[in-house]
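One structure below.
Every number here is computed from the coordinates shown, using simple stated rules; none is lab data. Bear in mind that the values here come from a model prediction, so they are computed numbers and not experimental data. Here the Cβ positions follow ideal geometry from the backbone for every residue, glycine too, while neighbour counts run over all protein chains shown.
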Amino acid sequence: MLHQLFTFKGGVKPPTNKTQSVTLPIAAAPLPSRLIVPLHQSIGGTPRPVVQAGDKVRKGQLIGEADGWISAAVHAPTSGTVRAVAMQPQPHPSGLDALSVVIEPDGRDEWIDRQPFDYANATPDDTRRYLQQSGVVGLGGAVFPTHGKLTASRSVAMDELIINGAECEPYITCDDLLMRERAADIVRGIGIFRDLLQPKRVLIGIEDNKPEAAAAIRAAVAELGENFEVVSVPTRYPAGGAKQLIRVLTGKEVPAAKRSTDLGVQCFNVATAYTAWRAIAYGEPVVSRIVTVTGNVHAPRNYEALIGTPMNELLALAQPHPDTDGTVMGGPMMGFLVPTPDVPVVKATNCLIAHADRLFPPKAPEMPCIRCGACADACPHELQPFELYWHARAKNFGKTQQYHIFDCIECGCCSFVCPSRIPLVQYFRFAKSEIWAREREKNAADEAKTRFEFKQFREEREKAEKAEKLAKAAAAQAAKKAAEAAAAAAADSSPAAPVEAAVDPTQAAKKAAIEAAMARAKAQREAAQPKNTDTLNPQQAEELAAIEARRQAAGLTDAAAGAAAVDTTREAKTEE
Amino acid sequence: MDILLAIAIMALGAVVLGAALGYASIKFKVEGDPLVDKIDAILPQTQCGQCGFPGCKPYAEAIAKGEVDINLCPPGGMEGVQRLADLLGREVKPLDAEEKPKQIAIIDENTCIGCTLCIQACPVDAIVGAAKQMHTIIAGQCTGCELCLPPCPVECIRMEAIGENIDNWKWKYPVVEIKAADAARPAIKEAA
Amino acid sequence: MSHYLFILVGAVLVNNVVLVKILGLCPFMGVSKKLETAYGMGAATTFVLTLATGASYIIDHFLLLPFGLEYLRTLSFIVTIAAIVQLTEMVIAKTSPTLQQTLGIYLPLITTNCAVLGVPLINIANGNGFVESLLFGAGSAVGFSLVLILFAGIRERIEGADVPVHFRGAAIAMVTAGLMALAFMGFAGLDKYQ
């Protein structure tokens, strides 16, 4: 069936390098030696750990509870013992640590008692909560908690539900094989999304370099009697970007300030649909994902790897060549070199590329920008990378925002085409993180200012209240004194002695309170006996005596107490 | 005669212009000083007093009047000096004091005696506690002004630098590492 | 009609007050770091220059010439200009305090702007009538603003550029101004149409 396709400006066509890893079917990766499951694996709040070191867990057991609505739960990928809940290095370009649960597998790979979800009788909200508790997140790379995307806009009807099977980045083939082998489950999962969002149409976009996958999905759609449209989109990087795919399939352009649901469109990855179906039909939370292991390896292949598998163990399965000098998580355009080889596979890991200078020749140093405009031609969002570069370089972040730097999806097309070999995306990432840091600082400063002003207001208020109280008390005292004086004058026939200036009653009260406190403190001191003086050696006893003498001289002790202390020392001496 | 005429003409001109200006100065009178708010928005609001003024607003007012330099605020750092210079068109000067990394205060709970002196000292009410109860500092609200350290009678408060964690990590400015060429390797790679 | 048009075009481009007559360089260099201040300064100078030209013509024609007090020209013009600048300052303080703060000292310095004094004197030297003087004054001010805004735009881009250390700041600004003056020399060919 013909479907009108639109096009997006820009994009590049790098060599796809996908044929190496699609020759073999998905293999199940064996159990690794240990599993490091980071708690924060999705956008949003960090899940709270619900296990501690020493606990025994089963496969699929909840180990991290979702924190808030935009957050997804985390589960144990296999059965075993929790070794630690500690800070572990993360697969993040910074190489910093975050809280993770380290599990030692017991080899039995025992599941929890899996119960299918009663989907037929559940409300949409129940289904969303269940998906959140099953840890279903976007597996296309953004790892946004899926349940947060399954609500249509109140004001705009949902026109199209788009399923992203494009997989445009070179080297990555995990979605391709998932579609070829597990098409039925994917289509059923799409059905769940369709039920929750009620779109007018469901479009499944697959790049035209994946004819087998498209055929498999078409067959599954036909078999299940659904009316989903499988559309082949022209192969061009980044056609798999959410906004790009939405544009190609529907012609709609989603601006940065709006959500796609505001235009009646929502987009999910095929793997997300698959995990949603596994959770609902089989009660299986997200504990594994397909990872393409390719690059400088002998046997590139797709593996179904457990979340938390150390990357070096997974890479070893594909037999990397000896000149491999690093691992790239993700594809060659948007991926990054992981800081240490044993960081864990997380829900966002779609591909591991063994890096070698032979395959990825290092870039020569950058040269000045010649303003050729090739980057602007290549940008899929029609931005002006040369302007963004100029201002990010000059650290003029206000101007970068004027040129819409936050619309940049960091796809890497501009860096790919730059004749001066300028690493444009690095400059944009630098500018974005600086802008976020400034915003955080500004918010902190605004908060501090508000608190400071409130504190000043509170102090003024307290002072005013105190002054009022004192004034009232003084007035009461004065009235009392006046009454007494009047009474005395009436009793006395002699001329009334001039009433002495009433001593400020609060002063008197204060003095009395202070004197009482001093007396109490004195009594306490007197009552206090030096303790632990039974087994003193002569040197200690001498020191004690000297101290006591000093204290007496300073007038800090009562003579009696001092005598008692001296007595104990004499006792100790006689004991020796 | 001529000279008197000249003086008269000039005097007439002066009077006319003076009257016009006088009228204009009343008509275009400006109340208040919105510049102070703009300067205050740039200052980091730590209310630490290191500039010599009791808070950020008084320092902003002094800057607006032109009484003080713009380089007296260490928590704002050189960046704050730069932004003030941009706003006011003044010269960028190096900071008066040394720039310290961002710090927060932490109370050692074993030593705290519950005297509430630090609570009274904190300008942003970031310390929670009561008399004879444990005091604690809300890390998210602490501005690192160090005003709580002197009043503590048992010196149980210390400053700790906020390290980089995965939430506040920033991408670094792209730099190219210049490495010495390896003489053993060929300069031009041959196709594999 | 074409006579007035030529005066205007002549004042804006051919005899540009900054780049050809080399007058008014002080605010040109001092206020052109940012585009926003350049707009503000351009507007302020246009206001001052037009008013000053008109007022100077009136003073010269009705007060000085009839009484033979030509020697008081400079003095009376400066006093008038000072008053007009003072008025402008008050208006700007009321309408845009930020602009006043950003222009800083350059706002009162419009008084000593040699272009603001020079244009009325050139008018007298050329023997222009009232309308011609006003046109020439306004045209010169527009030319000043134009060049100021162009220069500010270039300087903002230079801020992000890799300028050799010893050229940064005033040096590269001077080089740029010189190149702009070279470019404006190209307009000299328009003169033959006058």
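Sort A:Y303, C:Y4 by Cβ crowding within 10 Å, fewest neighbours at the top.
Details: A:Y303 24, C:Y4 14.
The most exposed by this proxy come first: C:Y4, A:Y303.
Compute the long axis of helix B:77-88 from its Cα atoms, compare it with the longest principal axis of the Cα atoms of chain B, and write down the angle in degrees, 0 to 90, nearest 10.
Between helix and principal axis, roughly 20 degrees.
Would the protein assembly as shown count as rounded, prolate or oblate if I go by the C-alpha gyration tensor, calling it rounded below 1.5 in a/c and otherwise prolate when a/b exceeds b/c, oblate otherwise? Working shown, then result.
On the way: a/c = 2.17, a/b = 1.05, b/c = 2.06.
In terms of gyration-tensor shape, oblate.
Tell me what the protein assembly as shown gives for mean residue ellipticity at 222 nm when only DSSP H runs of n ≥ 4 count, each as -39,500 (n - 2.57), the sum divided by the residue total, rounded to 500 deg cm²/dmol. Mind dumping the intermediate values first?
On the way: 28 runs with 413 residues, N = 962.
Rounded to the nearest 500, it is -14000 deg cm²/dmol.
Can you tell me, using C-alpha contacts under 8 Å and at least 6 residues apart, the relative contact order of chain A as a whole percent? Let's see the in-between values first.
Numbers: 1052 pairs, mean separation 83.1, N = 576.
Value for chain A: 14 percent.
Under the Cβ-under-4.7 Å rule, which cysteines of chain B stay unpaired?
B:C51, B:C56, B:C73, B:C112, B:C115, B:C122, B:C142, B:C152, B:C156
Treat the count of other C-beta atoms within 10 Å as a stand-in for reagent exposure and order A:I217, C:I7 from fewest to most. Kindly include the intermediate steps, with their values, before the conclusion.
Numbers: A:I217 25, C:I7 22.
Ordered from fewest to most neighbouring Cβ atoms within 10 Å, A:I217, C:I7 come out as C:I7, A:I217.
Looking at the protein assembly as shown only, what percent of DSSP beta bridges run antiparallel? Nearest 5 please. Provide the component values of the computation, followed by the final result.
On the way: 42 of 65 bridges.
Of the beta bridges lying entirely in the protein assembly as shown, close to 65 percent run antiparallel.
For chain C, find the longest principal axis of its Cα atoms and tell me its angle to the long axis of helix C:73-95, 0 to 90°, nearest 10.
That works out to roughly 50 degrees.
Treating the angle as unsigned and between 0 and 90°, give the value, to the nearest 10°, between the Cα long axis of helix B:56-65 and the longest Cα principal axis of chain B.
That works out to roughly 30 degrees.
Within a 10 angstrom radius of the beta carbon, how do B:T111, A:T272 rank from fewest other beta carbons to most? Display every interim value, and only then the final one.
Working: B:T111 11, A:T272 27.
The most exposed by this proxy come first: B:T111, A:T272.
If I measure Cβ to Cβ between cysteines in chain A, which ones have no partner under 4.7 Å?
Those would be A:C168, A:C174, A:C267, A:C351, A:C369, A:C372, A:C379, A:C408, A:C411, A:C413, A:C418, since no other cysteine Cβ in chain A comes under 4.7 Å of theirs.
What net charge do the residues around A:P320 carry, taking every other residue with its C-beta under 15 Å from that of A:P320, with Lys and Arg at +1 and Asp and Glu at -1? Let's see the in-between values first.
Values: positive: A:R301, A:R358; negative: A:E313, A:D323, A:D325, A:D342, A:D357.
Here the charged neighbours net out to -3.
Against the empirical 2.2 N^0.38 Å scaling, what ratio does the C-alpha Rg of chain C come to?
Numbers: Rg = 17.4 Å, N = 194, 2.2 N^0.38 = 16.3 Å.
Here the answer is 1.07, to two decimals.
Short version: ³J(HN,Hα) in whole Hz for each residue of region C:130-140, in order, from phi by Karplus 6.51 cos²θ - 1.76 cosθ + 1.60 (θ = phi - 60°), x for Gly and Pro, what are they?
5, 5, 5, 4, 4, 4, 4, x, 4, x, 4
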